[in-house]
Amino acid sequence: MTDNSLASDSSNIVSQIEQNTKGDRNKTIGQMSGGTIISDVGQINYYVSHDGKFQAHTESKPSLPKIPSLLPYLPNRKQQDEQLFEAIQNYLNQVPPKPLICVIHGDESQSHYQFLERLKKLSFPKYMDWDSNQVSIKDYELAWPSDLKKLDNLEFRLCKDLAEKFLSRSSIKKDTIKETINQEFCEYPSPIIICTYLLTEDWQNQGDLILDRFLHFWQNWPDLTPGKRIIICLSIKYQVKKKGSSKDSIFIRFWAYLINYFKPQNYQSENKKIKDEIKKLSRENFRQFSRLSGIVLPELTGVPQGQVETWARSDEVKSFIGEEMVGKLLDNIAEMFQNYPSETIPMSDLAQKLTELLKDFTVNYN
């Protein structure tokens, strides 16, 4: 086999690699190096067989480990976990069973959705002793009707949404809809978790009775059968001032400025009223709602450096990056807080930064 023939076969293999990747003909795919072609898809070992044919074997690059979705959101929230554990112990001892209302609140930078995922996937199963291999949890979002003009129609709208999602139908008689849904609830053998999300704007648009009407909706729920567990998570998100995009036109930014000039002031005032109402509910311990069991969790706030360092030393992080890398991660966390303008970091910002750090460890240290 001549050198020209070998080079031709090698060129054909490189061309084939190119076709099997992104199809970018202008991209340099690899180089010849001592019996090996270094390629985007991995290492290609080549040799000449006994019959003079050019042969190649591709060793694909090992895939990088995928970051568990909740891992960057696990720092802190210890205060919320401790109070939830205590509330659940009281809840499990109640006879007859009642719906458990769990109120979560904090500003919109605290990653409410991920916190609820943490409760559903980690906290509730752990504290209620649910075996994930044996218990199939029903998990639904009960959408808040933000377009509703009169709260007098709230009960029917909530029931209608429950019927559509839980029963896959909404054509149920209005006077029996609650009983029909509850019958399905009670016949389902495993726990049911229902999540509802509220914004400051909902209070502004629909009035100060939102929380009271929502709690009365569940206060008037039909009796549950013995042993039935229904958990209702109400997530209240305090809205704050929005930042406009620098890419917007001057005209759009001008109007956004005028709108936001007044709106944050309204948000601030409305948020204070909501917080006062939540504090009152927590202080009275749901006394007005005798057919409910309830807990108002401490407000979700930014996370301090010490709690993030505790997270870095946790078994979950060690198992992902390796125990020998924890010291390096702690150094990066210290630097991150040194460069941040406040002593705590909102969970949304923190999770993004921790995700970038974890990706860096998987790329550069594996």
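Please report the net charge: other residues with Cβ closer than 15 Å to the Cβ of Ser190, K and R +1, D and E -1. Net local charge, Ser190 excluded: 0.
Around the Cα centre of segment 149-210, unit charges on the Cβ atoms of Lys, Arg, Asp and Glu (plus for the first two, minus for the last two) sum to a dipole of about 240 debye. For the pair Glu323 and Lys173 in one chain, pulling the backbone fully straight at 0.36 nm per residue adds 48.0 nm over the alpha carbon distance.
Other residues lying with their Cβ under 13 Å from the Cβ of Leu84 contribute a combined charge of +2, Lys and Arg counting +1, Asp and Glu -1. For the listed residue pairs Lys150/Lys173; Lys121/Lys279; Lys237/Lys280; Lys126/Lys318, the alpha carbons are over 24 angstrom apart in Lys121/Lys279. Each Lys or Arg adds one and each Asp or Glu takes one away; over the other residues whose Cβ falls under 13 Å from the Cβ of Asp223, this sums to +3. Note on segment 286-351: along the principal axes its Cα atoms extend 53, 31, 16 Å, ordered by decreasing extent. Put in line by how crowded their Cβ is, counting other Cβ atoms within 10 Å and starting with the fewest, Thr355, Thr225 read Thr225, Thr355. Listing Cys159, Cys195 from fewest to most neighbouring C-beta atoms within 10 Å gives Cys159, Cys195.
Read the figures in this text as sums done on the coordinates, not as results from a lab. A quick note: this is a predicted structure, and the numbers were derived from the prediction, not measured. So basically every Cβ, Gly included, is an ideal-geometry build from the backbone, and we count neighbours across all protein chains shown.
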